[in-house]
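Let me begin by presenting the structure, written as structure tokens, before commenting on it.
The values are calculated or read from the model by the stated rules, or taken from the named source; none is laboratory data. Bear in mind that the values here come from a model prediction, so they are computed numbers and not experimental data. Cβ sites come from the backbone with ideal geometry, for glycine too, and all protein chains shown count toward neighbours. The area values use the complete protein model at the heavy-atom level, side chains included, leaving out ligands, DNA and RNA. Shrake-Rupley method; radii C 1.70, N 1.55, O 1.52, S 1.80 Å.
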Amino acid sequence: ALSPGIALAAAAILAPLCVVGCFFVSTPTGLVAVAYLGLTLSYHFMLKHVVILDALAVSGGFVLRAVAGAEAIQVEISPWLLLCTLLLALFLTFTKRRQELVALEEDARTTRQILSEYTPELLDQMIAVVTASTLMSYCLYTISDRTVGEVGSRDLIFTIPLVIYGIFRYLYLVHRHGQGEAPDRVLLTDAPLLATVALYVVVVAIIFYLAGGGLGGPLLPANGRY
């Protein structure tokens with residue numbers, strides 16, 4: 001919608017203003033904003049042309065945004081938050097790359113140069129590794145001592161089937177229905193995925209309610225005993 005000149009001028013004005021605004025929130029938030037801006041510029045000028053690093057750079061942006069949020073509200077950053085965010089972002093990035101490659105076919109390499117370095121088979125292997133890693137990381141998160149201590153029970157393990165279904169449903173949409181180029185559109189338009197997210201929120205709310213003493217307390221107490 002904007003001409004290149006207007007877009008560049010807007011970026012030159014808005015980027016420093018946003019960074020300064022983040023420093024007003026807190027110094028750590030501002031430093032994360034500087035790192036995010038640096039990563040974005042590095043991606044634009046260099047990293048988007050380097051195989052694998054392009055996906056890691058995109059995923060790193062998600063991680064930095066999560067860190068900025070934690071710093072902004074001054075809470076301790078969980079390593080599980082960083083790990084799950086990184087792996088899930090990699091999952092979405094690789095599935096997006098795969099769908100772009102399949103959908104554009106011969107035009108893929110001219111539309112996005114980095115796609116010439118990938119093949120559907122290579123991306124499928126990467127997606128398989130990241131999918132398994134994402135699920136395992138979330139499973140370990142639900143039973144980690146810190147999570148159990150903060151929640152007050154081990155009941156978060158009951159959300160694992162929902163996470164498994166959500167990720168497998170997304171893979172189904174990518175491989176069988178050719179979706180995945182726009183992950184946000186998939187999430188907002190697929191009824192089963194929307195229902196899964198809504199059910200996840202409800203289950204987590206119930207878990208926190210029970211952990212707080214409602215209806216007799218958690219199903220699986222923090223000490224692991226009934």
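Would you be able to say whether some residue in segment 133-142 is at pLDDT below 95, more than 23 Å from the chain's Cα centre (by Cα), surrounded by fewer than 19 Cβ atoms within 10 Å (Cβ to Cβ) and not basic (Lys, Arg)?
no
Under the condition of being at pLDDT below 85 and hydroxyl-bearing (Ser, Thr, Tyr), which residue from segment 78-122 is nearest to Gly180 (Cα to Cα)?
Restricting to residues being at pLDDT below 85 and hydroxyl-bearing (Ser, Thr, Tyr), the top hit is Thr111.
Could you say whether any residue in segment 137-157 is under 30 Å from Leu41 (Cβ atoms) and out of contact with any strand residue (DSSP E or B) (no Cβ under 9 Å at 6 or more places or on another chain)?
yes
Quick grid of which residues meet (1) open to solvent by 70 Å² or more (accessible area, probe 1.4 Å); (2) in a helix (DSSP H, G or I); (3) more than 19 Å from Asp184 (Cβ to Cβ); (4) free of Cβ contacts under 8 Å to residues at least 40 places away in the same chain:
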{"site": "Thr40", "(1), (2), (3), (4)": "no, yes, no, yes"}
{"site": "Val58", "(1), (2), (3), (4)": "no, yes, no, yes"}
{"site": "Phe62", "(1), (2), (3), (4)": "yes, yes, no, yes"}
{"site": "Glu76", "(1), (2), (3), (4)": "yes, no, yes, yes"}
{"site": "Cys84", "(1), (2), (3), (4)": "no, yes, no, no"}
{"site": "Leu90", "(1), (2), (3), (4)": "no, yes, no, no"}
{"site": "Lys96", "(1), (2), (3), (4)": "no, yes, no, no"}
{"site": "Ile114", "(1), (2), (3), (4)": "no, yes, yes, no"}
{"site": "Leu123", "(1), (2), (3), (4)": "no, yes, yes, yes"}
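Can you give me the number of residues within segment 13-37 that are over 19 Å from Ala72 (Cα atoms) and open to solvent by less than 60 Å² (accessible area, probe 1.4 Å)?
Residues meeting the conditions: 0.
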